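Q: If you scroll down you'll find the structure; I have some questions about it.
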Amino acid sequence: MPSVRFRNTLLKALNEDEISRLRLVPVTFELNHEMAAPHRPIRHLYFLESGMASMTSGFEDGSEVEVSTFGFESVIGVSALMGSKKSLNRVYTQIAGHGFACPIEAAIKEFRLGGTFQYLTLRYVQAQLDQATQSVGCNAKHTSEPRLARWLLICSDRANSDTFKMSHELLAGMLGGTRATASIAAGSLKRRGLINYSRGTIKIVNAEGLRRQACECYAVIKFHLKNYAEFETNNIE
């Protein structure tokens, strides 16, 4: 494990001893791989190296709405380090990839040492709160089309790809609307020559144009997640 070159933002900031204590196990995340489910115990932290996962909030009618996304910057299951025993939400893979699982007991033990892992984990939690706050404002302020452009760019950044499978149901859940709303927004971006969308597969064909179409929230969210691991090691005792 010490010879592994990590892509995950938090893991690549840790030294070999810290990595060893986390007892990481490589995991392949297939499409729809479920990492957490409501009211089930949190048994692992997950660190994505590639791919993307979504956290959803469920409702009595069986519908789900996306409330957060996870990529190579992320730590999935971090609420367990703050005292939570069970997950409140569902977390599953939207874009297949790979990464590592860490037994929650090892993560809690390392967290309580008060070193780099704890520091960066707390910084990540703050970045996630910033992302959530921005997303709430975005959903209230911006229309479906710029929000979809923002979300597709985030998907592309995290999957390191310009092509991915997205059903109408998934797009509707992301937008917090109906299939019709998702189809109209995607159709508008397609007519502008920014994406191709056919049979559930989306391809970004003009990334720069899509960035111009996206709302301002894309740059804000990207900044927070990109920079949370920038820190002064001599400030950590």
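Q: What net charge do the residues around Glu169 carry, taking every other residue with its C-beta under 15 Å from that of Glu169, with Lys and Arg at +1 and Asp and Glu at -1?
A: Combined, the nearby Lys, Arg, Asp and Glu give +1.
Q: Once you charge only the Cβ atoms, +1 for Lys and Arg and -1 for Asp and Glu, what is the size of the charge dipole of the chain about its Cα centre, to the nearest 20 debye?
A: With only Lys, Arg, Asp and Glu charged at Cβ, the dipole is about 540 debye.
Q: Using Cα pairs closer than 8 Å and at least 6 residues apart in sequence, work out the relative contact order for segment 33-112, in percent.
A: RCO, segment 33-112: 46 percent.
Q: Also, I was wondering about something else. On full extension of the chain, what length is gained from Glu34 through Val65, given 0.36 nm per residue of separation minus the C-alpha to C-alpha distance?
A: Computed gain between Glu34 and Val65 is 9.6 nm.
Q: What Kirkwood hydrodynamic radius do you get for segment 2-55 when you take the inverse of the mean 1/r over all pairs of distinct Cα atoms, in Å?
A: Value: 12.9 Å, from the Cα pair sum.
Q: Further question: Looking at the square roots a ≥ b ≥ c of the eigenvalues of the Cα gyration tensor of segment 130-183, which shape do they give, rounded for a/c under 1.5, prolate if a/b is larger than b/c, or oblate?
A: oblate
Q: Rounded, prolate or oblate: which fits segment 26-115 when a ≥ b ≥ c are the square roots of the eigenvalues of the alpha-carbon gyration tensor, with rounded for a/c under 1.5 and prolate only if a/b beats b/c?
A: oblate
Q: Restricting to DSSP H runs of at least four residues, report the calculated mean residue ellipticity at 222 nm for the chain, -39500 (n - 2.57) per run over all residues, nearest 500 deg cm²/dmol.
A: -12500 deg cm²/dmol
Q: Quickly work out the Asn160-to-Asn196 label distance, labels modelled 7 Å from Cα along the C-beta direction, and quote it in nm with one decimal.
A: Output for this residue pair reads 2.4 nm.
Q: Considering only protein heavy atoms, with the full assembly of protein chains and a 1.4 angstrom probe, order Thr181, Thr28, Thr93 by accessible area, largest first.
A: From most exposed to least exposed: Thr28, Thr181, Thr93.
Q: Pop the C-beta distance of Met82 and Glu230 into the FRET formula with R0 = 25 Å and round what comes out to the nearest 0.05.
A: For R0 = 25 Å, the calculated efficiency reads 0.65.
Q: Express in Å², to the nearest 10, the accessible area of Thr116 obtained by rolling a 1.4 Å probe over the protein heavy atoms while all chains stay in place.
A: Roughly 20 Å² of Thr116 is accessible to a 1.4 Å probe.
Q: Go ahead and run the numbers for FRET between Arg212 and Val4, Cβ-Cβ distance against an R0 of 45 Å, rounding to 0.05.
A: 0.75
Q: When ligands, DNA and RNA are left out and all protein chains stay put, how many square angstrom of accessible area per residue does the chain have with a 1.4 Å probe?
A: I get 52 Å² per residue for the chain.
Q: Is the chain rounded, prolate or oblate when judged by the Cα gyration tensor, a ≥ b ≥ c being the square roots of its eigenvalues, rounded requiring a/c under 1.5 and prolate requiring a/b larger than b/c?
A: Note, shape of the chain comes out prolate.
Q: In what order, largest first, do Arg158, Arg43 sit by accessible area if the probe radius is 1.4 Å?
A: My answer, sorted largest first, is Arg43, Arg158.
Q: Same structure again: Towards the positive end of the charge dipole of segment 51-208, with charges on Cβ (+1 Lys, Arg; -1 Asp, Glu), say which of Thr116, Phe100, Ser167 has the farthest Cα.
A: Looking along the dipole axis, the top candidate is Ser167.
Q: While we're here: Kirkwood Rh, Cα Rg: Rg to Rh for segment 103-235?
A: Using Cα coordinates only, the ratio equals 1.08.
Q: Would you mind checking which residues have amide H under 5 Å from Glu73's amide H? H placed 1.01 Å from N; only 5 or more apart, or other chain.
A: Distant-sequence amide H within range of Glu73: Thr9.
Q: Here is a further query. How large, in percent, is the carbon and sulfur part of the accessible surface of the chain at a probe radius of 1.4 Å?
A: Within the chain, the accessible surface is 50 percent carbon and sulfur.
Q: Can you list the HN-Hα couplings for segment 48-61, worked out from phi with the Karplus curve (6.51, -1.76, 1.60; θ = phi - 60°), rounded to whole Hz and with x for Gly and Pro?
A: 6, 9, 8, x, 8, 10, 10, 9, 10, 10, x, 10, 4, 7
Q: Based on DSSP H assignment, which helices of the chain show an axial Cα extent of at least 20 Å together with a mean Kyte-Doolittle hydropathy greater than or equal to -1.0?
A: Qualifying helices: 116-141, 144-159.
Q: OK, next. Over the heavy atoms of Glu66, what accessible area does a 1.4 Å probe trace out, to the nearest 10 Å²?
A: 30 Å²
Q: Using a 10 angstrom Cβ neighbour count of at most 14 plus a DSSP loop assignment to flag exposed chymotrypsin sites (Phe, Trp or Tyr not before Pro), which longest range of the chain is free of such sites?
A: Here the longest run is 60-230.
The values are calculated or read from the model by the stated rules, or taken from the named source; none is laboratory data. As the structure is a prediction and not an experimental result, all values here were calculated from the model. In this analysis, Cβ positions are derived from the backbone assuming ideal geometry, glycine residues included, and neighbour counts consider all displayed protein chains. Note: accessible area is taken over every heavy atom of the protein model, side chains too, but ligands, DNA and RNA are not part of it. Shrake-Rupley method; radii C 1.70, N 1.55, O 1.52, S 1.80 Å.
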